[in-house]
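Taking it in order: structure first as structure tokens, then the write-up.
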Ligand code: ADP
């Protein structure tokens, strides 16, 4: 199969006077599994529908395989879309649902038989051809919707929250199936979700959107480790964001003052922001809590703190800890028999400078 790229160049779209896509620039590589991640209302579905051709942008270009398809109507785009609701025909059996698009395109009967058979095989539903959609589980309906889309052999596959109607366990199973299917087909796929776990576990790369703006694009681990701004830091995982004053700064080192807690030296990196007040950002699992003797753990800087709240989550316990004027979240791995720190416990809080990133204040 000829794998194609999808490119959005300076795309804008408004509903009435409200601009919901603001200068979108994205380059999606051939064969990539790409996620659009963002909260409800951030513009993900609008962008997906625009790529499918159901929404028209007011400015910018949409290129597939390097060609501008802005003026090409949806049915001529060779793009397949799976809707959140699956939109299966309730009165047709599975076979006819999957065959529908081929019949419409006047494909020969023999070829329809072969292609529908192959598509049902691919999604593991060969034995279900005679069933109606209401005789299938949610996961099976989802697979029919996928089969119906891929049987057309689109160049680009668009998935709008395809797993959101499924319960948690099935979602986890289906996202692996989806990924393995995408890998076998090698089809460029754009996947909309508001669920960061779903995006992180499946996507080669993802774009985090908020308020019609692409906030950051990258591989899941890049967005997790190096969020560019506070929105991405908060949306992808849990992040401590602690404001601190810049006490001094030179080319290699910034000394920050944490109100009421002490000082911390951080190495200057190429994208360290400027300003008098910056935010220290670090993940809860990088924070250490100790009540006993500190065995010279040189990776950490230690500050006195007080436990305010704990939440036992099984694999780890999530603590809220007060440190001077600041409140932090610290996740500590849990092992059988380990007692939890009670609220009010005074302890030492270890922060690891190498795990702290500076964000604009
Ligand atoms: P998401 O998929 O991220 O939840 P949407 O793309 O559905 O977000 O919506 C983006 C914004 O556009 C929202 O503020 C939504 O209310 C608005 N919107 C979506 N569709 C329409 C429409 N047909 N008419 C007017 N506003 C719309």
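The values are calculated or read from the model by the stated rules, or taken from the named source; none is laboratory data. The model shown is predicted, which means the values in this text are computed figures rather than measured ones. With ideal geometry, Cβ positions are generated from the backbone for all residues, glycine too; neighbour counts draw on all protein chains shown.
Answer yes or no as to whether residue 182 is touching a residue at least 60 places away in the same chain (Cβ under 8 Å), outside any strand (DSSP E or B) and either over 19 Å from the mean Cα position of the chain (by Cα) or more than 16 Å from the ligand (Cβ to nearest atom) (or both). Criteria met by residue 182. Could we say that residue 82 is surrounded by 18 or more Cβ atoms within 10 Å (Cβ to Cβ), more than 16 Å from the ligand (Cβ to nearest atom) and on the phi < 0 side of the Ramachandran plot here? It is false that residue 82 is surrounded by 18 or more Cβ atoms within 10 Å (Cβ to Cβ), more than 16 Å from the ligand (Cβ to nearest atom) and on the phi < 0 side of the Ramachandran plot.
Residue 55 falls short of the stated requirement of being more than 13 Å from the ligand (Cβ to nearest atom) and within 26 Å of the chain's Cα centre (by Cα).
Here's the yes/no breakdown for (1) more than 32 Å from the chain's Cα centre (by Cα); (2) in a loop (DSSP other than H, G, I, E, B); (3) within 17 Å of residue 284 (Cβ to Cβ):
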{"site": "298", "(1), (2), (3)": "yes, yes, no"}
{"site": "317", "(1), (2), (3)": "no, no, yes"}
{"site": "320", "(1), (2), (3)": "no, no, yes"}
{"site": "327", "(1), (2), (3)": "no, no, yes"}
{"site": "330", "(1), (2), (3)": "no, no, yes"}
{"site": "335", "(1), (2), (3)": "no, yes, no"}
{"site": "359", "(1), (2), (3)": "no, no, yes"}
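Can you tell me which of 88, 102 is over 25 Å from residue 22 (Cβ atoms) and part of a loop (DSSP other than H, G, I, E, B)? Steps first, answer last, please.
Working: 102 fails: part of a loop (DSSP other than H, G, I, E, B).
Result: 88 is the single residue among 88, 102 that is over 25 Å from residue 22 (Cβ atoms) and part of a loop (DSSP other than H, G, I, E, B).
Please indicate, with yes or no, whether at least one residue in the stretch 9-26 is in the same structural domain as residue 127 (by TED's automatic domain parsing), within 30 Å of residue 134 (Cβ to Cβ) and surrounded by fewer than 19 Cβ atoms within 10 Å (Cβ to Cβ). For the stretch 9-26, residues in the same structural domain as residue 127 (by TED's automatic domain parsing), within 30 Å of residue 134 (Cβ to Cβ) and surrounded by fewer than 19 Cβ atoms within 10 Å (Cβ to Cβ): absent. Selection of the stretch 189-214 for residues being farther than 17 Å from residue 234 by Cα, away from the ligand (no atom under 11 Å from the Cβ) and touching a strand residue (DSSP E or B) at 6+ places or on another chain (Cβ under 8 Å) yields 189, 190, 191, 202, 203, 204, 205. The number of residues in the stretch 185-209 that are closer than 24 Å to residue 13 by Cβ and surrounded by 19 or more Cβ atoms within 10 Å (Cβ to Cβ) comes to 13.
Checked against (1) away from the ligand (no atom under 16 Å from the Cβ); (2) surrounded by 14 or more Cβ atoms within 10 Å (Cβ to Cβ); (3) in a loop (DSSP other than H, G, I, E, B), residue 96 passes all but a single condition, namely (3).
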